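Take a look at the structure below.
The values are calculated or read from the model by the stated rules, or taken from the named source; none is laboratory data. The model shown is predicted, which means the values in this text are computed figures rather than measured ones. We place every Cβ from the backbone using ideal geometry, glycine too, and count neighbours over all the protein chains shown. To get the accessible areas, we keep the full protein, side chains included, count just its heavy atoms, and leave off ligands, DNA and RNA. Shrake-Rupley method; radii C 1.70, N 1.55, O 1.52, S 1.80 Å.
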Amino acid sequence: GECSAFKERFMECLRHSGYESAACRQSAMAYLECRMDRRVAQLMANEPLEKLGFKDLINEKSEEKPKK
C-alpha cells in the first residue's frame, strides 16, 4: 500500500482522460518511481526510466530545474 496514492492518481487520470494512457504519462512515471524506490518491499526491480519509455519526460524534468 506504500504506492497506493500514486496508483490512485494514475487511475483517476485515466478515468478523466477516457482511458487515454498517453495523457497520464507523468502520473504513470511517478507511480513506477514509487514502486522502484520501495524496492525493500520487492515491489519492482529498479530500471532506468528511459528504458521504460519515459526519456522525454525525464528531459523535461531536468530542463525545469533552476540552474545555479
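For segment 3-61, the Cβ-based charge dipole about the Cα centre amounts to some 160 debye (Lys, Arg positive; Asp, Glu negative; other atoms uncharged). Remark: segment 3-61 carries 67 Å² of accessible area per residue (probe radius 1.4 Å; ligands, DNA and RNA excluded).
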